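First comes the structure, then the notes that go with it.
The values are calculated or read from the model by the stated rules, or taken from the named source; none is laboratory data. This one's a predicted model, so the numbers in the text were calculated from it and none came from an experiment. Cβ coordinates were reconstructed from backbone atoms using ideal geometry, including for glycine residues, and neighbour counts include every protein chain displayed.
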Number of protein chains: 4
Amino acid sequence: MDTRAPAAESPWLPFESRRRARDEKREAVLRTAVQLFLEQGYHRATLNEVAERLNITKPALYNYFRGKDEILFECWAMGLELVETSTAAINAAGGSGLDKLRKMARAYGGLMATDFGASLVRFDVRDLGAKHRDIVLAGKKSIDRTFRGYITEGIADGSITPCDPKMTAFMIAGSLNWIGHWYKRDGTMTPEAIGETFAMQLTDGLAVRPPRKPRTTKQHTKR
Amino acid sequence: MDTRAPAAESPWLPFESRRRARDEKREAVLRTAVQLFLEQGYHRATLNEVAERLNITKPALYNYFRGKDEILFECWAMGLELVETSTAAINAAGGSGLDKLRKMARAYGGLMATDFGASLVRFDVRDLGAKHRDIVLAGKKSIDRTFRGYITEGIADGSITPCDPKMTAFMIAGSLNWIGHWYKRDGTMTPEAIGETFAMQLTDGLAVRPPRKPRTTKQHTKR
Amino acid sequence: MDTRAPAAESPWLPFESRRRARDEKREAVLRTAVQLFLEQGYHRATLNEVAERLNITKPALYNYFRGKDEILFECWAMGLELVETSTAAINAAGGSGLDKLRKMARAYGGLMATDFGASLVRFDVRDLGAKHRDIVLAGKKSIDRTFRGYITEGIADGSITPCDPKMTAFMIAGSLNWIGHWYKRDGTMTPEAIGETFAMQLTDGLAVRPPRKPRTTKQHTKR
Amino acid sequence: MDTRAPAAESPWLPFESRRRARDEKREAVLRTAVQLFLEQGYHRATLNEVAERLNITKPALYNYFRGKDEILFECWAMGLELVETSTAAINAAGGSGLDKLRKMARAYGGLMATDFGASLVRFDVRDLGAKHRDIVLAGKKSIDRTFRGYITEGIADGSITPCDPKMTAFMIAGSLNWIGHWYKRDGTMTPEAIGETFAMQLTDGLAVRPPRKPRTTKQHTKR
DNA sequence: TATGAATGAGGTTTCATTCAT
DNA sequence: AATGAATGAAACCTCATTCAT
């Protein structure tokens, strides 16, 4: 019942603004849904409650999404997009393999403390339709390839100690993924700090170290 | 398999053997269920299919378990038991903090490639009743404490480079937990090998290293 | 069958009428359910049959009630309301204790020949949830208190022969309650007639009688 | 399997005693069942719990009864038998219609405070199979006829004020039946006392009274 | 675009009952 | 006579989804 009349000046704006309104609502649904899905788990969460939290009714959701599993898919899509943005930036910035790996760990670790980021590891691809599932699996594979790629690169350019890239990627990514499971927003560390810590410590063992002088004093990252 | 002749000698054996039969069946249910739950996810898996795979009918399951969620709980309980057995052995063997941590990583990583081990990280505690949930959460907390304990010990005894035990434990355990998500039985590496690899690489960065001479030949991490 | 034309005049009516429609349906469910419950007994009656009789499907019932036992509770609530209405009217009208008791017997006895009235004595409180059960028990207690109150009043004001109010109330109410068990709608007596008969005969023995002259002709109870 | 040899002296006794044992067990089942049925209601009570209370297992019950509804029927049968015993005694003793009615009220009222007596009014004939149901209905009808008969007799012999025997019987029996619903064993009045009170008060209004002198002092049963 | 109402499908659970031992 | 195990039937309930308005 919005009765303000902008229609006079431009027959086009209302359409635009209407579309924008629509997109905003769609996003609102998504943000609410992802929270609920994370809170209660996809299966226990009901569309009814999603709707309730948005002060609308269940069928209204179907104006924005084709069904529950499409909402789920979009959560994943958002997460994947965030990751891709990060990797694009990292690739663009260049640097050694180790550099990139560290940046990636930092970024990805941070994302894991995010609703849409956590979606990547807290939801179950088997809840998706075949088509969507394939897309998501492709996205996850791509992330894995990114990690492995940086490691391989690093080994090649000498910044990373030789190792099995596949296993090492699993190790690092697994460690970061797990953040999505234990991170609580009320924790003491910010997502960035966690990403940073993990990035350093995880890659510390991998860095090719310059010959050290006999230790005299302890000189360490933390503390 | 038990071919010892029963009834003749003792009226007591049949009772024993009956109880054994019961326990065996209970275990069979559990093994079938955990596989199905892992395959399809707890919510998609139906008791009907569990029963079908066992060539019995659904209500027969209720002879062994009080309900679906009790089956789920027992999967967890099995996993926790396995972990506890491992830690007990590790503690009994003694050694430096680093030693223990490595052994733990090896054992725990190996378990993650196991059905009941994977239960610890693939299922959702919110699917349990309040009572069972508390037990499981306590168990998980205990595992976390074990990891942290070994790290703290190691720092104290000088075998581990000082670090934040909490974050480090999260890192290591997370990395190992992730095995439960990606490991497929058809993979090329045995669970033990994976546990071994992870154990070494994860703890390598933590080990306090003797002063090194300038590198001449490659003699890296993997020892 | 509301035939007043709605939508033209007011955008508000449709809402009203919709709400009314909803209430009417809820009531229809209740009337159908109470009949079925009385016919077959609460446990033998299935929601499926309730739904069938209403030409809807079972889950549709859940739009109006939270579950089978809530329907049961509402039957009771309807019955209790009817009784309360009666007692309110009786209290408002005033009169001697005996007067009130007679009116109450008449009204209550009549209700027992009613679906919702019979609910009060034909259903089992143990089929209710704890909360609802408490409400119903309170309601029953209140009815009992009403009977006893009238008797006590009557004794006090001299209209009723002294007696044990508790036992007498049990006696009278029990006698009336039983109507709910044997009354069949096809019987020869109307509910009102039954109420009347019971009211007179039950209270006749209680009435303080004026000294009689030696009986010469039969002039008894039935008046 | 029983190899103790009492057989020598009498091949007949063991049979007798075995049958007696069987009957005793059957009765024990019945007593336990009727209690449970009254406590929880027929449908909520499970054979499992009946068996548990008897320290046997569910299938063992089937040695004594053909099924749950047969147990229910036997409860009724016990109740009916008790009533019939009473009426037989009353009839044998003779007396006026009023006398018999009073005795009957006393006896029947007392029975209602009994497990098997309460069975007559607390259970639902629709839970029985058709055959058993017919038997029970016949029994209830017979009880009704007995009440009506005494009343008719009393009217005929002048001991009871003329009235509608059908309604009066309903009234009296209903009042007594209700005892089965409210009587709790821990109450202050014994079953006999209740029967007595009800018998007197219920029939008091019916008795043809001798001309009374103007009341001077209150002289009443209770208080 | 949003809603109330209704549906279909399916799942867990309970229990009386039977059967082989 | 008694048991453990298993079954069949059915009931309640939940929820995503659709449809008419």
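Below is a table of values for the structure above.
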item: Residues that are closer than 28 Å to C:Phe37 by Cα and within 8 Å of another protein chain (Cβ to nearest Cβ), drawn from the stretch C:168-188; result: C:Phe170, C:Met171, C:Ile172, C:Ala173, C:Gly174, C:Ser175, C:Leu176, C:Asn177, C:Trp178, C:Ile179, C:His181, C:Trp182
item: The stretch A:27-82, residues that are within 12 Å of DNA strand E (Cβ to nearest atom), under 17 Å from A:Asp127 (Cβ atoms) and aromatic (Phe, Trp, Tyr); result: A:Phe65
item: Residue list for the stretch A:15-39, restricted to those being more than 18 Å from A:Asn63 (Cβ to Cβ) and either at pLDDT 90 or above or in contact with a Pro (Cβ under 6 Å, 6 or more places away or on another chain) (or both); result: A:Val34, A:Gln35, A:Leu36, A:Phe37, A:Leu38, A:Glu39
item: Any hit, the stretch A:23-31, residues being under 26 Å from A:Leu176 (Cα atoms) and part of a helix (DSSP H, G or I); result: yes
item: Filter pass, B:Thr87 being of a type in the set (S, T, N, Q), more than 15 Å from the chain's Cα centre (by Cα) and at pLDDT 95 or above; result: no
item: Some residue of the stretch A:110-124 being away from chain B (no Cβ under 14 Å), under 21 Å from A:His43 (Cβ atoms), touching a Phe, Trp or Tyr at 6+ places or on another chain (Cβ under 9 Å) and aromatic (Phe, Trp, Tyr); result: yes
item: Residue that is farthest from D:Phe73 (Cα to Cα) [pool: residues in the stretch D:31-42 that are free of Cβ contacts under 8 Å to residues at least 12 places away in the same chain and of a type outside the set (Asp, Glu)]; result: D:Gln40
item: Pair list, Cβ < 9 Å and 6+ apart or interchain, from the stretch C:115-132 residues that are buried (at least 19 other Cβ atoms within 10 Å of the Cβ) to residues that are part of a helix (DSSP H, G or I) and of a type in the set (S, T, N, Q); result: C:Asp115/C:Gln35; C:Leu120/C:Asn177; C:Val121/C:Asn177
item: Residues of the stretch A:63-78 that turn out to be within 14 Å of the chain's Cα centre (by Cα) and either polar (S, T, N, Q) or surrounded by fewer than 21 Cβ atoms within 10 Å (Cβ to Cβ) (or both), as a count; result: 2
item: Test: D:Ala130 is away from DNA strand F (no atom under 16 Å from the Cβ), farther than 28 Å from C:Ser175 by Cβ and either out of contact with any helix residue (DSSP H, G or I) (no Cβ under 6 Å at 6 or more places or on another chain) or not assigned by TED's automatic domain parsing to the domain that holds D:Glu192 (or both); result: yes
item: Whichever residue in the stretch D:158-167 is within 7 Å of another protein chain (Cβ to nearest Cβ) and without any contact (Cβ under 8 Å) to a residue 40 or more places away in the chain and, among such residues, is nearest to D:Thr114 (Cα to Cα); result: D:Met167
item: Count of the stretch B:161-206 residues which are outside any helix (DSSP H, G or I) and within 18 Å of A:Gly109 (Cα to Cα); result: 1
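Residue-by-condition table, conditions (1) under 30 Å from B:Leu101 (Cβ atoms); (2) away from DNA strand F (no atom under 13 Å from the Cβ); (3) surrounded by 21 or more Cβ atoms within 10 Å (Cβ to Cβ); (4) within 14 Å of chain A (Cβ to nearest Cβ):
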{"residue": "B:Tyr42", "(1), (2), (3), (4)": "no, yes, yes, yes"}
{"residue": "B:Val50", "(1), (2), (3), (4)": "no, no, yes, no"}
{"residue": "B:Ala60", "(1), (2), (3), (4)": "no, no, no, no"}
{"residue": "B:Thr85", "(1), (2), (3), (4)": "yes, yes, no, no"}
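Here is a yes/no grid of residues against (1) touching a residue at least 40 places away in the same chain (Cβ under 8 Å); (2) more than 14 Å from chain B (Cβ to nearest Cβ); (3) surrounded by fewer than 21 Cβ atoms within 10 Å (Cβ to Cβ):
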residue	(1), (2), (3)
A:Ala107	yes, yes, no
A:Ala138	no, yes, yes
A:Asp144	no, no, yes
A:Ala156	yes, yes, yes
